[in-house]
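Notes follow once the structure below has been shown.
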Amino acid sequence: MASNIAILGSTGSIGVQTLDVARNLGIRVSVLAANSNIELLTRQAREFRPLMVSISDSSLAGELEKNLRGSGIEVYSGPEGLKAAVSIADVDTVVVSIVGIAGLMPTIDAIRSGKNVALANKETLVTAGPIVMNEAEKRGVTVFPVDSEHSAIYQCLAANRKQDVERLILTASGGPFRGMKLNELANVTVAQALKHPNWNMGSKITIDSATLMNKGLEVIEARWLFGFTPDKIKVVVHPQSIIHSMVEYKDGSVIGQLGSPDMRIPIQLSLTWPERASNNFSRLDLLKCGSLTFEEPDTDTFRCLTLAYNALEAGGTMPAVMNGANEAAVRLFLEGRIGFCKIPSLIEKVMMAHTVNTSPDLDDIIEVDKWARRMVGDNICM
């Protein structure tokens, strides 16, 4: 069980819920790091009294220092701040909830500092899965998934042999536009896309859920977290979000993990595993669940899931290119500069223009991420 944690992305949705878990467990929070929300970061620091806080936007460091003057809390900023945040000796577990590829290097730095990682950042394993998992194995640290789907699979695999697994089954809610066709999606608004039917999440991941890219990213994550090839990883749409994912075994048994759609439950488990701790979080009432239904994902309408499988099959730098293009396209959509249906089109164009490097290092991955983002900008009007 974690006893002293650092939270990277403390002012985001997962970060805020992690602090709720820390309150419940009585875990010491030694480090808080955020992007730019100094008002919330200040309130968090005053409550939890960490050893240090870090703000990614260096221009805000002075204001943050002023807010915390006399508290004894050290203030850091920029990339060096994150590097310092994950290397503090007292911390045993780093919760990485930074959005996007920005979470990659802090995760690597945390692993190299000998810290266990509770990983809520999908893009880290999507872009550099083999490198991250090799680093963790080399240093004997654990990368524990915070995503509800991967947490579910982790639990379903725990008491069984890996060689007996037939396939992993990732469940997807289907997002706010489930059942709609391309012509109906042409004019959907940002506000509509941000209305997830079941989960309370940040804006980027909510749009990814609407396009099904979120599930594609999870397929790639599962490949590296659990070591199964893409043909062993299936996605099914489960609109109720009660079964968080399943594992099918060669004897025909299917083991699933059920629970309320409350992210605090997998967050807590990532910090207590293999123990479980009591809490006052939402409970699943089976008598009120109603019917549980399952559908094949509509990959003709929601092409991002297929693009993710294609990127995983191509390997090397292609997942990083796909991810970079997706991040850039989602940002453009959130800014109102492109339509919803333009997101997969831009990603596909960038992927088609990329020549795969089959054995990339971290510098290669960071470089192709930048290239993919530039390419999205170049293709906006095409």
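The values are calculated or read from the model by the stated rules, or taken from the named source; none is laboratory data. Just so you know, these numbers come straight off a predicted model, no measurement behind them. Here the Cβ positions follow ideal geometry from the backbone for every residue, glycine too, while neighbour counts run over all protein chains shown.
Can you confirm whether VAL126 is within 26 Å of VAL236 (Cβ to Cβ) and at pLDDT 95 or above?
Working: within 26 Å of VAL236 (Cβ to Cβ): yes; at pLDDT 95 or above: yes.
Yes; evaluated as a whole, the condition is true for this residue.
Give the residues of segment 230-281 that are charged (D, E, K, R), surrounded by 18 or more Cβ atoms within 10 Å (Cβ to Cβ) and over 20 Å from ALA118 (Cα atoms), sorted by residue number. GLU248, the sole residue that qualifies.
How about segment 112-136: which of its residues are closer than 25 Å to MET322 by Cβ and out of contact with any strand residue (DSSP E or B) (no Cβ under 8 Å at 6 or more places or on another chain)? LYS122, GLU123, VAL126, THR127, ALA128, GLY129, PRO130, ILE131, ASN134, GLU135, listed by residue number.
Per-residue answers, yes or no, for (1) over 20 Å from VAL99 (Cα atoms); (2) crowded, with 22+ Cβ neighbours inside 10 Å; (3) touching a residue at least 24 places away in the same chain (Cβ under 8 Å); (4) assigned by TED's automatic domain parsing to the domain that holds PRO176:
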position	(1), (2), (3), (4)
ASN310	yes, no, yes, yes
VAL321	no, yes, yes, no
SER345	yes, no, no, no
ALA353	yes, no, no, no
ASN357	yes, no, yes, no
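Each row is one residue, and each column tells you yes or no for (1) more than 24 Å from LYS204 (Cβ to Cβ); (2) touching a residue at least 24 places away in the same chain (Cβ under 8 Å); (3) in contact with a Lys or Arg (Cβ under 6 Å, 6 or more places away or on another chain); (4) of a type in the set (Asp, Glu).
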residue: ASN24; (1), (2), (3), (4): yes, yes, no, no
residue: VAL31; (1), (2), (3), (4): no, yes, no, no
residue: ALA34; (1), (2), (3), (4): no, yes, no, no
residue: ASN37; (1), (2), (3), (4): no, yes, no, no
residue: LEU40; (1), (2), (3), (4): no, yes, no, no
residue: ARG43; (1), (2), (3), (4): no, no, no, no
residue: ILE55; (1), (2), (3), (4): no, yes, no, no
residue: LEU68; (1), (2), (3), (4): yes, yes, no, no
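Where in segment 99-186 are there strands (runs of 3 or more DSSP E), lying wholly inside it, with at least 1 residues that are farther than 27 Å from GLU275 by Cβ?
Passing ranges, in order: 165-172.
For every residue, the table says whether it meets (1) β-branched (Val, Ile, Thr); (2) touching a His at 6+ places or on another chain (Cβ under 6 Å); (3) under 26 Å from VAL237 (Cβ atoms).
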site: VAL132; (1), (2), (3): yes, no, no
site: GLU137; (1), (2), (3): no, no, no
site: ASP147; (1), (2), (3): no, no, yes
site: ALA152; (1), (2), (3): no, yes, yes
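Are any of the residues in segment 188-203 touching a helix residue (DSSP H, G or I) at 6+ places or on another chain (Cβ under 9 Å), closer than 29 Å to LYS342 by Cα, in a helix (DSSP H, G or I) and not aliphatic (A, V, I, L, M)? Lay out the reasoning, then the answer.
Applying the first criterion (touching a helix residue (DSSP H, G or I) at 6+ places or on another chain (Cβ under 9 Å)) to segment 188-203 yields 188, 190, 192-196, 199-203.
From what's left, closer than 29 Å to LYS342 by Cα: 188, 190, 192-196, 199-203.
From what's left, in a helix (DSSP H, G or I): 190, 192-193, 203.
With the extra rule that they be not aliphatic (A, V, I, L, M), the set shrinks to 192, 203.
Checking segment 188-203: at least one residue is touching a helix residue (DSSP H, G or I) at 6+ places or on another chain (Cβ under 9 Å), closer than 29 Å to LYS342 by Cα, in a helix (DSSP H, G or I) and not aliphatic (A, V, I, L, M).
Residue count for segment 221-236 satisfying the condition of being touching a Ser or Thr at 6+ places or on another chain (Cβ under 8 Å), β-branched (Val, Ile, Thr) and under 19 Å from THR127 (Cα atoms): 0.
Residue-by-condition table, conditions (1) closer than 21 Å to VAL126 by Cβ; (2) part of a helix (DSSP H, G or I):
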site: LEU284; (1), (2): no, no
site: PRO297; (1), (2): yes, no
site: TYR309; (1), (2): yes, yes
site: GLU313; (1), (2): yes, yes
site: PRO319; (1), (2): yes, yes
site: ARG337; (1), (2): no, no
site: LYS349; (1), (2): yes, yes
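Given VAL21, VAL16, which one is closer than 22 Å to PHE281 by Cα, in the same structural domain as LEU60 (by TED's automatic domain parsing) and surrounded by 21 or more Cβ atoms within 10 Å (Cβ to Cβ)? Being closer than 22 Å to PHE281 by Cα, in the same structural domain as LEU60 (by TED's automatic domain parsing) and surrounded by 21 or more Cβ atoms within 10 Å (Cβ to Cβ) holds for just one of VAL21, VAL16, which is VAL21. The residue that is farthest from ASN4 (Cα to Cα), counting only those in segment 59-85 that are surrounded by 14 or more Cβ atoms within 10 Å (Cβ to Cβ) and among the small types (Gly, Ala, Ser), is ALA61.
Every residue in segment 170-188 that is within 28 Å of GLY103 (Cα to Cα) and either without any contact (Cβ under 8 Å) to a residue 24 or more places away in the chain or in contact with a Ser or Thr (Cβ under 6 Å, 6 or more places away or on another chain) (or both), please.
If we filter segment 170-188 for residues that are within 28 Å of GLY103 (Cα to Cα), which is where we start, we get 170-176.
Across segment 170-188, the qualifying residues are LEU170, THR171, SER173, GLY175.
Of the residues making up segment 177-193, those that are of a type in the set (D, E, K, R) and surrounded by fewer than 17 Cβ atoms within 10 Å (Cβ to Cβ) number 2.
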